[in-house]
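The values are calculated or read from the model by the stated rules, or taken from the named source; none is laboratory data. Note that this is a predicted model, so its numbers are computed, not measured. All Cβ positions, glycine included, derive from the backbone under ideal geometry; neighbour counts span all protein chains shown. Remember, those area values only see protein heavy atoms, side chains included, never the ligands or the DNA or RNA. Shrake-Rupley method; radii C 1.70, N 1.55, O 1.52, S 1.80 Å.
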Amino acid sequence: MTRAKVSAVWDAVADAGALSPGWGGLPGTDALTHAQVTERLQSADLEQWTSAAARVGFCSSPVRLVGHSVAVNRTSGEVVRQYASADEPGGVTFLRCGNRRADRCPSCSRLYAADTFHLIRAGVAGGKGVPESVAENPLVFATLTAPSFGAVHGRRAHRRCRPRAGPAACCEHGRPTACFEVHQLDDPQLGQPLCADCYDYESHVLWQWWAPELWRRFTIALKRRLAQLLGADLGDIASLQYAKVAEYQVRGAVHFHALIRLDGPQAGDGFAPAPSEITAGLLSEVVEQVAAEVTLAAAPVTPDGTTLVLAFGAQVDTRVVRASRRTDDPDGPLSAEQVAGYLAKYATKSATDTETRDNPHLRRLHAIAQRLAAQAGAAQDPNSPYLLLGRWAHTLGFRGHFSTKSRRYSVTLGRLRRARQRAQIHIATAARAGTTVDLRDLEAELLADDTDEATLVIGSWAYAGSGWANAGETALATAAAARAREYARRRACARRETQSA
Ligand SMILES: [Zn+2]
Ligand SMILES: [Zn+2]
Ligand SMILES: [Zn+2]
């Protein structure tokens, strides 16, 4: 964050009335927090604290470290930089918490979304070290859903929820099997089953537990099918790459949103063109067929239980993606910006974004996951695949990663993070020298592999805790993060206006 941004954010917080008499406090803060905020705002090292907080993007709960490090030039042995937490306010160095979830840390989750956006976009259109020729290869955006485990209330494009012709029918529990309402977006009924006793909670949790394996099988089957179509070993003539994100639906089941790309075989560092026989349209059809066919026989939870055959839901949605500019045709192919935007947004959602606590359906899924884990434990089979299910009750049985990619899809998140750290060093060095730096000229250097690093960093660090010193500092950081977002939004908006003018 630049100095100008820091002070803009800071002005905004101060403007909120923090320093003026009769201030009512930041929204949602109690008297003690209010006093802590005031104390921080009147402290002698306020300026340094603000800079330190800005450096971690006003993260909600930064990690506190104490220690020091020295950067040494590998060839000359010269000390390039020295850094010690002792020089920071309070003698601690803050690191971002790095949480991807928007409900945990708005600042870090935004950064995660931004990195995910760049990662996805580079795999669609090239850039960030990915050759632009990837844009020529067939690319499909697919959504693989969970099957139905029972009727739930839903929004169906301004139509009624679950209308049913003929005489009103009830299930064996005496509850109606139809719903004639048109649910609004904030309706708490959304995602709740029409009858919780009819809903198959066990299958839902077990499906979620095996969903990562189902995805893995899908990718294997897809490669096999493409090899059949091409009449050759896939590795000889093509390579399948993907990036996927898991998103919770309101009924508490995950969807997989995936970008699936067919490249040519590996050619040195480059991507050879994809075999011309497989067009994006054909790839899209094959993805749909394979997703509909793949199954998995899940072992029973207890020895006397039955084997469950799991599959993806019948609704497999696939669309062709094109890498060129945004299209005006709403039903036309998706653009790189559109898919990267969708996936980045999905990647920061979580099960608890839909508030498990106040949601009877999600609460029940959570309880069933715990019960199944307890049953598996009681059966005393050391090979049971469900022994750890209880640890994943909070994710309603989903143990996979929320965003994953195959090795060659695009640049990695780690590399993007390292590039950002290097960029920050460049910006700080330029600021000290009173010059500016154009990071676009440095992209290749910023994204370079670690092994090319000319400097060696030696240090000793210890964990000193998590979070800000008190609720007041947390409230200030949270308010500043919100202002920084607002500031970034306005700037982006102004930039768009300038561009279109
Ligand atoms: Zn954070
Ligand atoms: Zn309904
Ligand atoms: Zn029922």
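So which residues in segment 170-187 are among the small types (Gly, Ala, Ser) and surrounded by 10 or more Cβ atoms within 10 Å (Cβ to Cβ), if there are any at all?
Residues of segment 170-187 among the small types (Gly, Ala, Ser): 174, 178.
Passing the criteria: only ALA178.
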Legend entry - Tally, over segment 188-197, of residues that are open to solvent by less than 40 Å² (accessible area, probe 1.4 Å) and either more than 16 Å from ligand 3 (Cβ to nearest atom) or of a type in the set (Lys, Arg) (or both): 2
Inset, instruction - Take segment 57-68 and flag every residue that is surrounded by fewer than 22 Cβ atoms within 10 Å (Cβ to Cβ) and among the hydrophobic types (A, V, I, L, M, F, W, C). - result: VAL63, LEU65, VAL66
Inset, instruction - Tell me, please, whether a residue that is under 25 Å from the mean Cα position of the chain (by Cα), within 24 Å of VAL134 (Cβ to Cβ) and part of a helix (DSSP H, G or I) can be found in segment 427-444. - result: yes
Legend entry - All positions within segment 170-207 that are assigned to a helix (DSSP H, G or I) and either within 16 Å of ligand 1 (Cβ to nearest atom) or not polar (S, T, N, Q) (or both): TYR201, GLU202, HIS204, VAL205, LEU206, TRP207
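Quick check on this structure: which one of SER109, SER85 is within 16 Å of ligand 1 (Cβ to nearest atom) and open to solvent by less than 30 Å² (accessible area, probe 1.4 Å)? Break it down into steps so the answer makes sense when it comes.
Values: SER85 fails: within 16 Å of ligand 1 (Cβ to nearest atom).
Unique residue meeting the criteria: SER109.
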Legend entry - Residue list for segment 131-155, filter: among the hydroxyl-bearing types (Ser, Thr, Tyr), more than 16 Å from ligand 3 (Cβ to nearest atom) and open to solvent by 30 Å² or more (accessible area, probe 1.4 Å): SER133
Legend entry - Count of segment 371-403 residues which are at pLDDT below 90, in contact with a Pro (Cβ under 9 Å, 6 or more places away or on another chain) and open to solvent by 30 Å² or more (accessible area, probe 1.4 Å): 3
Inset, instruction - Tell me, please, whether a residue that is at pLDDT 90 or above and crowded, with 21+ Cβ neighbours inside 10 Å can be found in segment 340-361. - result: yes
Inset, instruction - Please verify whether segment 137-153 includes one or more residues that are away from ligand 2 (no atom under 16 Å from the Cβ) and modelled with pLDDT under 90. - result: yes
Legend entry - Residues within segment 384-415 that are in a loop (DSSP other than H, G, I, E, B) and over 17 Å from the mean Cα position of the chain (by Cα), tallied: 9
Inset, instruction - Only residues in segment 145-172 that are over 29 Å from GLU202 (Cβ atoms) count as the first member; pair them with residues that are more than 14 Å from ligand 3 (Cβ to nearest atom) and open to solvent by less than 100 Å² (accessible area, probe 1.4 Å), Cβ under 6 angstrom, at least 6 apart or cross-chain, and list the lot. - result: ARG160/VAL182
Inset, instruction - Determine whether segment 47-68 contains at least one residue that is away from ligand 1 (no atom under 16 Å from the Cβ), at positive phi and at pLDDT below 85. - result: no
Legend entry - Checking ALA196 against (1) more than 30 Å from the chain's Cα centre (by Cα); (2) touching a residue at least 24 places away in the same chain (Cβ under 8 Å); (3) more than 16 Å from ligand 2 (Cβ to nearest atom), the condition it does not meet: (3)
Inset, instruction - Please find, among ARG3, ARG74, the residue that is over 19 Å from ALA480 (Cα atoms), surrounded by fewer than 16 Cβ atoms within 10 Å (Cβ to Cβ) and at pLDDT below 85. - result: ARG74
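Name the single residue, out of those in segment 454-482 being of a type outside the set (Gly, Ala, Ser) and under 29 Å from the mean Cα position of the chain (by Cα), that is farthest from ALA31 (Cα to Cα). Please lay out each step first, then the result.
Step one: of segment 454-482, the residues of a type outside the set (Gly, Ala, Ser) are 455-458, 461, 463, 468, 470, 473-474, 476, 478.
Imposing the further condition that a residue be under 29 Å from the mean Cα position of the chain (by Cα) reduces the set to 461, 463, 468, 470, 473-474, 476, 478.
Working: TRP461: 36, TYR463: 31, TRP468: 18, ASN470: 13, GLU473: 14, THR474: 14, LEU476: 14, THR478: 17 Å.
Among them, the one singled out is TRP461.
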Inset, instruction - Hey, could you check segment 130-169 for residues that are out of contact with any strand residue (DSSP E or B) (no Cβ under 6 Å at 6 or more places or on another chain) and part of a strand (DSSP E or B) and say which is farthest from ligand 1 (Cβ to nearest atom)? - result: ARG159
Inset, instruction - Check off (1) open to solvent by 80 Å² or more (accessible area, probe 1.4 Å); (2) modelled with pLDDT under 95 for ALA280 and give me the number that stays unchecked. - result: (1)
Legend entry - Among (1) within 12 Å of ligand 2 (Cβ to nearest atom); (2) modelled with pLDDT under 90, the one test that GLN189 misses: (2)
